[in-house]
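These notes concern the structure reproduced below.
Nothing in this text is a laboratory measurement; each read-out follows from the coordinates by a stated rule. What you are looking at is a predicted structure, and each value in this text was computed from that prediction instead of being measured. Glycine gets a Cβ as well: all are built from the backbone with ideal geometry, and neighbour counts include every protein chain shown.
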Amino acid sequence: MNKDIEEKIRERIRLQYPFPPYESQLDLSKDIYMSLAQGIKVSIFESPTGTGKSYALIEGALNYLDDIKSNTLIKVKQKCQIDNDMPDWFNEPDVDLKLNPLKKPNINENKQQKKHVKLIDDDALFDYSSSEETKINLRGQSLNDKIIYCSRTHSQLKQFINEIRRSKHKVRVSTIGSRQHLCVNQSILSKANNNVNKLNHLCKSHKKQCSYYKSLDTLEQYTQEIFDINDLLTVSKKCQSCPYYAAKELSLQADIICTPYQLLMESIDQYIEPIIIVDEAHNFGSALLQTESCEISLNQLNIIVGGIDDYRKKYHQRVKAKTLYYLNQLLQICKSLIDKIKTKQSGNLITLIDFMVEIGIPKLNIIKLIKFVQNKDMRQRINGFIDSSQNVTHYSSFECFCKFISQLILTSQKESILYIEKSNTMKLSKINNYSSFQTLIDKSRNLVFLGGTLQPLNEFEIFKEKVDTNEFIFKEYPHIISKDRCQLLIINAQLDYSFKQKNENLNQLMNQTNSLILDIEKCIPEGIVIFMQTYTFLEQFKQYTKVNNLQFKKQVFFDEKQNSQILDKYSEVAKKGAILLSVVGGSLSEGINFSDHLARAVIIFGVPYPNLDSFELKEQININGNQYYDNITMRAVNQCIGRVIRHKNDYGLLFLIDKRFSEDKLRTKFSTWLQNRITIQNDFKETNFFESFKQIL
Ligand code: SF4
């Protein structure tokens, strides 16, 4: 690409920050704008926590949207009179989109569209609809550039939407959520009894009788343009309409659709080549794997066999031969699954190919069988037979089975494993995101990933394989704080925390841990947050301090999985000096803002390698090599490290206690901004850490 032209475009980007931005924020905003304008397929941006990346994203992406809508890019092109010299991307029709000013949601227009467009439900996988039909009708919709913004939780989506509210850009924003979050029909909710599959099933089969669904017309009363999940619930309550379907209506007219990761793959088909932005992207890959993994139990399979058998017996005279043929194939698969679960011991890994051959899948007309089980009417009829037993869990049995066999048939040996769990359950577990990432590439216009700690980039390597070199960019940004405000000390303590030592050494390990905490706490003002490797080790340490009646200078709080109040209690006294002990990967290790006095130091005891008992993990390591194991571990460490510095004036120290951290293979995997702040010491007491810390204070 012509660098001069790129510079000209960059120079004219008019960012409208409502506050003085950091230099790195401006760079990030402009890089996001440019990656969208150039149509870069996959862009990955890493900017450390506390550098204001969410607002940088808003300015970059919304300026781009504004410029597309107002044809500014075209005007710039004309002004520069450089049409012939412009790079290819500048002349592409998707950049020269028609002027499309903002307009208020037009529910009548939506209704017209709805006559043709089938809204996609949470479980799109289960809803049968010809893709051809959906495509044609979706083409009739507005081809506005839409951004789908995804983050892990609704509270993160709300934070993002609040930032949009601060901006000067006029955009329509809608949030989509699951029925679990948005259904307001108390009678359906109580029948569903917290069973998500049952809730979906009940809504789909009863929505026409649901008064909230029938009142969707009252959506016309909606005048606001930005909706987070609470707004949807509040406005829907006023209008007595269904927020779940209201969200879908509003998203048709929205410029930005906010969705949790789990709903992205299901909703992507509703929009024509959207721009997809994934925030906090370090969690994205694992969330997708989880969403697409599924399981089926022996009990469920027996119920389904009974249901299909009853249906077949009752209607064998009336149904078409083809339907009977598919029903027989389903029974054959169910019975093979039952045999497998009964004959194999738990923990048995089954190769997908062997299993398919065994149950005769290659001989079947696979695509038609999938369509058959995905057909909504057929599912409802079979469900009717299964439901007759009135057992709560039966509602979801056939739905689980449909998902299971669809995944089983569609997935490949390379990306899934099949095994028996202890509880007489067969689990199909996704171990990589090859096909999901391919779908994202195929169905989006641009993919933008953003995060504070994305390195090591292992899971994003899949994108590199799938797109051309010039279609993939990775950029990282420096931290906004100076070197003297944050330092990382690796302490090569005598004992490491690999637990290779025999149990009798546990006591020594506890002694070492205790004495290091005592040494460190003397030098650190205000709050200290400590991360242990596991809840088991944390509990052992807690017991050790109790049994030995150990006292610390600061008040100590131990994280408990079930105690959500612990953070509040710690926060109340952290200013006076307190220690919070938690676990890497636990609820306090990500997304918590330990700014200022809440964490003047973060200490990590041990390299938190995940437990190798997991089949999925073992296979992932088999496929991707040992480096994969190091990478996921260090990404979790980098997340914990990210708790300490939250803004420009923050300061704090990081202590990593385990000599394995100083080995090249791990040390090189710390976030780049930390690399020149690392000091390795053999003994904590021999360091000059206290002096330098006093200078910082
Ligand atoms: S239509 Fe809406 S309110 Fe009614 S059952 Fe379905 S999700 Fe719940």
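Things to note:
- Prolate/oblate/rounded label for the range 210-300 (Cα gyration tensor, a/c 1.5): oblate
- Taking a sphere under 14 Å around the Cβ of Ile528 and counting the other residues whose Cβ falls inside, with K and R at +1 and D and E at -1, yields a net charge of +2.
- Taking amide H as placed 1.01 Å from N in the peptide plane, the amide H of Lys170 sits under 5 Å from none that are at least 5 places away or on another chain.
- What the phi angles of the range 259-265 give under the Karplus curve with 6.51, -1.76 and 1.60, with θ = phi - 60°, is a coupling list of 9, x, 3, 4, 9, 4, 5 Hz, glycine and proline written as x.
- Separation in nanometres of the label points that stand 7 Å from Cα toward Cβ, at Ser187 and Ser614: 4.3
- Packing around the peptides 604-613, 618-627, 299-308, 183-192, taken as the average count of other Cβ atoms within 10 Å per residue, puts them in this order, highest first: 299-308, 604-613, 183-192, 618-627.
- For the range 503-602, the Kirkwood hydrodynamic radius comes to 13.8 Å, computed from all pairs of different C-alpha atoms.
- Whether the range 268-320 is rounded, prolate or oblate, judged on the alpha carbon gyration tensor where a/c under 1.5 counts as rounded: oblate
- Two-decimal log10 I(q)/I(0) for the range 405-489, as the Debye equation yields it once each C-alpha is a single scatterer, q = 0.16, 0.22, 0.27 Å⁻¹: -0.82, -1.13, -1.40
- Distant-in-sequence amide H partners of Thr175 (H built 1.01 Å from N, under 5 Å): Phe227, Cys258
- Shape class of the range 409-559 from the Cα gyration tensor (axes a ≥ b ≥ c, square roots of the eigenvalues): oblate, since a/c reaches 1.5 or more and a/b does not exceed b/c.
- Value of Rg/Rh across the range 192-263 [Cα atoms, Kirkwood radius]: 0.98
- Note, ³J(HN,Hα) from phi for the range 272-282, Karplus 6.51, -1.76, 1.60, rounded to Hz, x at Gly and Pro: 8, 5, x, 7, 10, 10, 10, 9, 6, 5, 4
- Summarised in one figure, the compactness ratio Rg/Rh of the range 522-577, Cα atoms and Kirkwood Rh, is 0.96.
- Filter on Lys8/Lys168; Lys146/Lys403; Lys314/Lys376; Lys208/Lys237; Lys575/Lys648 - keep pairs with C-alpha separation over 27 Å: Lys146/Lys403
- Using C-alpha pairs below 8 Å separated by at least 6 residues, the relative contact order for the range 417-464 is 26 percent.
- Other-chain or far-sequence residues with amide H under 5 Å of Ile603's (modelled H): Val529, Ile530, Phe531, Phe655
- By average C-beta atoms within 10 angstrom, highest first, the peptides 313-322, 441-450, 564-573: 441-450, 564-573, 313-322
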